[in-house]
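Here is the structure we will look at.
The values are calculated or read from the model by the stated rules, or taken from the named source; none is laboratory data. Nothing here was measured: the structure is a model prediction, and the numbers come from that model. All Cβ positions, even for glycine, are placed from backbone atoms using ideal geometry, and neighbour counts span all protein chains on display. Note: areas computed on protein heavy atoms with side chains; ligands, DNA, RNA excluded. Shrake-Rupley method; radii C 1.70, N 1.55, O 1.52, S 1.80 Å.
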Amino acid sequence: MKRFTAWRRRPWAGYAVVLVALATTGVVYAGFSPKADTAEASNSAAAAQDMANGKQLFNQNCSSCHGLNAQGTKDEKGRQIAPSLIGVGAASVDFQVSTGRMPAMNPGAQMPRKKPVEVFRNPKNVADVAAYVQSLGGGPTIPAPEQVDPEKGDVALGGKLFRTNCAQCHNFAGSGGALTGGKYAPPLDESTPTQIYEAMLTGPYAMPLFNDTTLTPEAKRAIIAYVVQTREEPNPGGNGLGRIGPVAEGIAGWTVGMGLLVLAAMWITARKPKKQHD
Amino acid sequence: MSDVQAPKAVDAPLTFLDDRLGSSTFLKRNMKKAFPDHWSFMLGEIALFSFVILLLTGTFLTLWFKPSMLEVVYDGSYTKLNGVKMSEAYSSTLHITFDVRGGLLMRQIHHWAAILFMAAIMAHMLRVFFTGAYRKPRELNWLIGIGLFTLGMLEGLFGYSLPDDLLSGTGLRILQGVAQSIPVVGTYLYLFLFGGEFPGESIIPRLFTIHVLLIPGIMLALIVAHLMIMWHQKHTQMPTKGRTNQNVVGYPFYPLYMAKQGAYFLYIFGVLALLATFAQINPIWLFGPYDPSAISAGSQPDFYMGALEGALRLMPNWETNVLGHTLSWNVMIPALVPLGIIFTGAALFPFIERWATGDQRSHHINDRPRNAPVRTATGVAVVTFYGLLWLAGGNDVIAERFHVSLFATTWFFRFAVLLGPFLAFMITKRICLGLQRSDAATMAHGYESGVIKMMPSGEFIEVHLEAPEEQAAVILSKEEGKSLPAARDDNGIPAPGSRNPLGHLRLRLNRFWNVDSIPIEAGHGNGHGNGHGDGEHAAVEDGERATAIGSGSGTGDRS
Ligand code: HEM
């Protein structure tokens, strides 16, 4: 205590206190405010760089179909080759690219989910293109991790919502199903929580769009919880047979069940008893 | 006649019972009844034993299942559904699945047994059909069999509906649509069945009573009748050496056949337990409770209802409006016509065939399918028709798994269902005749031995050997169809009964039945063919021994 009192009496102490107070306030301010002034400067430089990267990636990988300004392209007969991306938002780009659908190989047909091409295996590149497209005309943004956290969703509500909104295409357990016109709803066993959210938010291809009025963010998180928990839960009754319903059961019954029984019947009737001497 | 004596341990109690019940030698005689052996004769046993297992496991399920549509909020071991509103039927099925010890296993055995039961009935009926075993005197049992099959379909449909999950509710909705589509009485019928508007409160309790009491009771009675008639008439047998229309060649019921049957029952139970342990069936917890506003891709019924589902999917959307009433052809035709034709046709077939062929004899030796080309071809045509409808019932799964368009599958099946049966008929008939021809050749020139001989002239020939006795007996089992007297004899006098249109039709059918047949004649006697191998020789002897045992009761009754 004594030393501190002595120290306080020094001539520069007043300045020191003011300085410390200022610095603390600054640090605290910086910590609480989303973008500190000092950080802003260096961030905007980085952002400009990211944007440039995004634009470059877009020009190299996407512009051949979507046009140099993402305005979409048409063939000589005026039919659309690829749609405009103005206003589709980062969510749509993130979904399409991170599921490997874009860049498309074969425009016109339904794009299957596949491993993303080399450049887009780096999440930073995906984020950059998404941000670039977002900058062109806004649109739904990529959901925050908290919004898609399956742990936080109400799974019972999610099940109900899934059965009324999604099961008619994706099947009760998310195993996928056929749609009219050669289209299909893919199985949901690999989609990440973020992709599930984005799929609902942007309605890719033949899938309807579920905006935040049809399904609130809370409802979306519930659905994510249901999908994730359902695909992770083991099958208590043995092999799940693809979880596609009674067709697989019928096939198993006829092949495995009847197969085993008929084999046994053949064996049992082919065995002749040893000759008896009586 | 008996040269096999039952062991003392069995003989004594039998004698005891026979003495008390005044049945003289009833039991002893019946214990020695001969049962012919052929693997396809076991198909009926599969159905019988699965039925027994259905009764046992079903009774277990009734101990916990609550047939009630009362709404409850689930709170149990399957946490994913905690807090969800559902019917008591659904929640009690969840309870059986997750909280009753062995409950899931029992549910799965019950359901797999239902699948195997229906599969076995189908296979059994096909065996009976293609071997002509339904012919006189067994027409009654054929009719009982068709009744059992129909009841089995209903029983399965109702059982499937009991847990009140999403898929079973979808199935009930279809049932409701089908009932409603019946002209005039449809709406009343449906309101009566459901006790009001769909789904209502009463349908599950009603289906429950029908499922556990009414239909099993009727089925049990029919099965008993089926078996008693079979016992009395004795089994048919496959044609081979030493088997005639007058005897039964096989093993005595006791001890051999009974031991085999006991083992087979245990084996069936084993297979069902294996399936139920390793293959999940009807995971109602994944389907979720029934919710009229929800539906799932891949909503299918069990396979035995698949043909009905397929018919509904293929039918174009036709409706007409008559005096303010909508006639839903789009539901009525597919729901009633295809299966109606198949079942009615199957029931009438023995009588149509008898009428057309004029064959009034009793048959105890089965036909080889090739020797009845019209019957075999008809059967294959029906199987094709049914099979295509069945596949069409799973067209969404086909489209999804094989990446073809759903629309394309629908159109493909529409045409295939109409054309396929005719093609199948023609192809099958050709194949049958081809096989008859090769039989005739075997009888005339022997079979190709695969031994090539060089003649002194340098010519190579393949040595043909005379068919061994066994084979010859099988081939010669063919019976030639009997032609009805021609419409007019040589003098132009019309044959009796052929003057009316019906008689005319009969003659034409008769000609259709008999026109293609390859006559088969015994070759140059069959003195040599025997004794090609010791194994074979032993089998023949065994057969003969069994004849002796079997005919003890066989000959007496059959003549
Ligand atoms: C030919 C006979 C039978 C067939 C084809 C049949 C078929 C079925 C089927 C497919 C189910 C749905 C099972 C599931 O949930 O996965 C079912 C349920 C049920 N069956 Fe049967 N069954 C038969 C006989 C019986 C008998 C004799 C009883 C009772 C004495 C019975 C009692 C039940 C009960 C209580 C349920 C509902 C419980 C549950 O689904 O877990 N069944 N039946």
Using a 1.4 angstrom probe on protein heavy atoms only, which residues from the stretch B:56-89 are buried by at least 40 Å² of accessible area when all chains are present rather than their own chain alone? B:Lys80
Using only Cα atoms, find the angle between the long axis of helix B:406-445 and the longest principal axis of chain B, and express it within 0 to 90 degrees, rounded to the nearest 10. 20
Ranking B:Gly171, B:Gly196, B:Thr236 by how far each Cα lies towards the positive end of the charge dipole of the stretch B:127-262 (+1 on Lys and Arg Cβ, -1 on Asp and Glu Cβ), the top one is B:Thr236
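Of A:Lys55/A:Lys183; A:Lys220/B:Lys85; A:Lys77/A:Lys124; A:Lys124/A:Lys160; A:Lys124/A:Lys152; A:Lys74/A:Lys183, which ones are farther than 28 Å apart at the Cα?
Details: A:Lys55/A:Lys183 32 Å; A:Lys220/B:Lys85 20 Å; A:Lys77/A:Lys124 38 Å; A:Lys124/A:Lys160 36 Å; A:Lys124/A:Lys152 26 Å; A:Lys74/A:Lys183 23 Å.
Among A:Lys55/A:Lys183; A:Lys220/B:Lys85; A:Lys77/A:Lys124; A:Lys124/A:Lys160; A:Lys124/A:Lys152; A:Lys74/A:Lys183, the Cα-Cα distance tops 28 Å for A:Lys55/A:Lys183; A:Lys77/A:Lys124; A:Lys124/A:Lys160.
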Starting from the Cα of B:Ile452, step 7 Å along the direction of its Cβ; do the same at B:Glu139; then give the gap between the two resulting points in nm. 5.6
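Stretched out fully, how many nm does the piece from A:Asn239 to A:Lys77 gain, at 0.36 nm a residue minus the Cα gap?
Value of the extension gain: 53.1 nm.
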Taking the alpha-carbon centre of each part, the distance from the stretch A:160-217 to the stretch B:355-371 in Å is 59
Among B:Val474, B:Gly186, B:Phe35, whose Cα lies farthest out toward the positive end of the dipole of chain B, if unit charges sit on the beta carbon of Lys, Arg (+1) and Asp, Glu (-1)? B:Gly186
Do you know the relative contact order of the stretch A:130-278, to the nearest whole percent, from alpha carbon pairs under 8 angstrom that are 6+ apart? 28
Quick one: ranking B:Phe512, A:Phe95 by accessible area, 1.4 Å probe, largest first, what do you get? B:Phe512, A:Phe95
Identify all aspartates and glutamates with a Cα-Cα distance to B:Lys260 below 12 Å; exclude those on the same chain that are fewer than 8 residues away in sequence. B:Asp37, B:Glu45
State the volume of the convex hull built on the alpha-carbon positions of the stretch A:143-239, expressed per residue in Å³ and rounded to an integer. 101
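For chain B, what's the relative contact order in percent, using C-alpha pairs closer than 8 Å and at least 6 residues apart? If you can, show how the numbers build up before the last one.
Values: 743 pairs, mean separation 110.0, N = 559.
After rounding, I find 20 percent.
The stretch A:41-141: Rg/Rh from Cα coordinates, Kirkwood Rh?
Details: Rg = 13.5 Å, Rh = 13.8 Å.
Rounded to two decimals, Rg over Rh is 0.98.
Place a +1 charge on the Cβ of each Lys and Arg in chain B and a -1 charge on the Cβ of each Asp and Glu, then give the dipole magnitude about the Cα centre in debye, rounded to the nearest 20.
Details: 42 positive and 44 negative charges, 197 e Å.
Dipole size: approximately 940 debye.
Students sometimes get this wrong: rank B:Leu148, A:Leu22 by accessible area, probe 1.4 Å, all chains present, largest first.
On the way: B:Leu148 15, A:Leu22 120 Å².
The ranking, largest first, comes out as A:Leu22, B:Leu148.
Calculate the tail of P(r) for the stretch B:72-207: the fraction of all Cα-Cα distances greater than 21 Å, expressed in %. Mind showing how you got there, number by number?
On the way: 5305 of 9180 pairs.
It works out to 58 percent of all Cα pairs.
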Which three numbers, in whole Å and largest first, are the semi-axes of the equivalent ellipsoid of the stretch A:118-200 derived from its Cα gyration tensor as √(5λ)? 27, 18, 13
Over the Cα atoms of the protein assembly as shown, what Rg and Dmax result, in angstrom? 37.0, 151
For the stretch B:39-304, divide the Cα radius of gyration by the Kirkwood radius and give the resulting Rg/Rh value with two decimals. 1.03
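Which three semi-axes in whole Å describe the equivalent ellipsoid of chain B, each the square root of 5 times a Cα gyration tensor eigenvalue, listed largest first? Mind dumping the intermediate values first?
On the way: eigenvalues 455, 222, 120 Å².
Computed over chain B, the values are 48, 33, 24 Å.
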Percent accessible area from carbon and sulfur atoms, the protein assembly as shown, protein chains only, probe 1.4 Å: 65
Given charges of +1 on the Cβ of Lys and Arg and -1 on the Cβ of Asp and Glu, with all other atoms neutral, how large is the dipole of the protein assembly as shown about its Cα centre, in debye to the nearest 20? 620
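So, for the stretch B:39-304, what is the accessible surface per residue at a probe of 1.4 Å, expressed in square angstrom?
That works out to 37 Å² per residue.
So how much accessible surface do B and A hide from each other in total, probe 1.4 Å, in square angstrom to the nearest 100?
Details: alone 29040 and 18210 Å², together 42150 Å².
That pair of chains buries around 5100 Å² in total.
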Rounded to the nearest 10 degrees, the helix B:139-161 long axis (Cα) sits at an angle to the longest Cα principal axis of chain B of 30
Calculated FRET value between B:Arg430 and B:Leu227, using beta carbons and R₀ = 41 Å, to 0.05: 0.60
For the stretch A:41-141, what is the charge dipole size about the Cα centre, in debye to the nearest 20, if Lys and Arg each add +1 at the Cβ and Asp and Glu each add -1 at the Cβ? 300
For the stretch A:41-141, with every protein chain kept in place, what is the accessible area per residue (1.4 Å probe, Å²)? 53
Could you name the aspartates and glutamates in cross-link range of B:Lys80, using Cα to Cα under 14 Å and dropping any fewer than eight places away on the same chain? A:Glu151, A:Asp154, A:Glu232, A:Glu233
Report the one residue of A:Asn69, B:Gly387, B:Leu308 whose Cα lies farthest in the direction of the positive end of the charge dipole of the protein assembly as shown (charges on C-beta: Lys and Arg +1, Asp and Glu -1; origin at the Cα centre). A:Asn69
